[in-house]
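Since every read-out is calculated from the coordinates, none of them should be taken as a lab result. On a predicted model such as this, the values are computed, not experimentally measured, just so you know. No Cβ is skipped: glycine too gets one built from the backbone with ideal geometry, and neighbour counts run over all protein chains shown.
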Amino acid sequence: MDGRTLAAGAVAGVRNVRNPIELAAEVMLNSNHVFLSGKGAADFAIRQGLKLEPDEYFFSQFRYDQWKAIRDSDTYSLDHTHQRLEELLKDKKFGTVGAVARDVNGNLAAATSTGGMTNKKYGRIGDSPVIGAGTYANNKTCAISCTGHGEVFIRAVAAYDVSCLMEYKNYTLQQACEEVVLKKLVDMGGEGGLIAVDAEGNFSMVFNSAGMYRGCKSSENVKIIALYKGTD
């Protein structure tokens, strides 16, 4: 999402597209739509000349084994518990990837990409491609990218809610992020967090889970790389 124009692009249910985030950008810039899914999104990717890969390219033995362990149950697995974090560190494979940015002119942007939770129902769509739920950017307020229990983030309209608290209640970025992640989402039973930046260059990385892979780099030499609470 482009915070300057409020233009946005999203895709869901795509196969074989090497970089779905590039496809989302093409939707934003060249489709006259916001959200494409399934075969329509795949056909659009081909027309735009995006790189495709065979199914084998996307195979992860770790994810496959994880799915086999719980496939006959109604449970699902996120990447934010202590056990899951330790497993992922060993395997070097992670879940949601999100980025937020501010340029020298104060323009904001956000992007989020994910394969979703393990053992999700076929056809399930999480918060990452839902503008205002898992991703949002507005130059008036902030840029947000979320990770966690997508169903609750959708119901909470989490990313947009941070922006609304800033725009309509004059919350600071940190106050708004903490209100949504540490209060609203917790009250709704939602696990996860978000990364955020505002037009002044302030940043926030708030989560209510055991940990969240996160990092920040600024032109003022602020550099943070962390996993658990505090700075690692």
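How would you classify the range 103-149 from its alpha-carbon gyration tensor, with a ≥ b ≥ c the square roots of the eigenvalues: rounded for a/c under 1.5, else prolate if a/b is greater than b/c, otherwise oblate?
Details: a/c = 3.77, a/b = 3.07, b/c = 1.23.
It comes out prolate by the Cα gyration axes.
Where does the chain land at 222 nm, in deg cm²/dmol rounded to the nearest 500, when only DSSP H runs of n ≥ 4 count, each adding -39500 (n - 2.57), divided by all residues?
Values: 7 runs with 66 residues, N = 232.
Value at 222 nm, helices only, nearest 500: -8000 deg cm²/dmol.
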For residue 189, net neighbour charge (Lys/Arg +1, Asp/Glu -1) across residues whose Cβ lies under 13 Å away = 0
Cβ charges +1 (Lys, Arg) and -1 (Asp, Glu), total dipole of the chain, debye = 260 debye
Relative contact order for the range 97-226, counting Cα pairs under 8 Å that sit 6 or more residues apart, in percent | 22 percent
Could you give the distance between the Cα centres of the range 120-145 and the range 150-195, to the whole Å?
-> 12 Å
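Could you tell me which of rounded, prolate or oblate describes the range 1-59, using a ≥ b ≥ c as the square roots of the eigenvalues of the alpha-carbon gyration tensor, with rounded for a/c under 1.5 and, failing that, prolate when a/b is larger than b/c and oblate otherwise? Mind dumping the intermediate values first?
Details: a/c = 2.26, a/b = 1.97, b/c = 1.14.
It comes out prolate by the Cα gyration axes.
DSSP beta bridges in the range 97-226, what fraction antiparallel, as a percent rounded to 5? Write out the running numbers ahead of the final one.
Details: 25 of 26 bridges.
Around 95 percent of the beta bridges assigned by DSSP in the range 97-226 are antiparallel ones.
Does the range 97-226 classify as rounded, prolate or oblate by the C-alpha gyration tensor (a ≥ b ≥ c root eigenvalues; a/c under 1.5 gives rounded; else a/b over b/c gives prolate, otherwise oblate)?
Values: a/c = 1.65, a/b = 1.43, b/c = 1.15.
Because a/c hits 1.5 or more and a/b exceeds b/c, the range 97-226 counts as prolate.
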Rounded to whole angstrom, the alpha-carbon centroid of the range 1-21 lies from that of the range 198-229 at a distance of 23 Å
Relative contact order, percent, of the chain when contacts are C-alpha pairs under 8 Å separated by at least 6 residues?
-> 17 percent
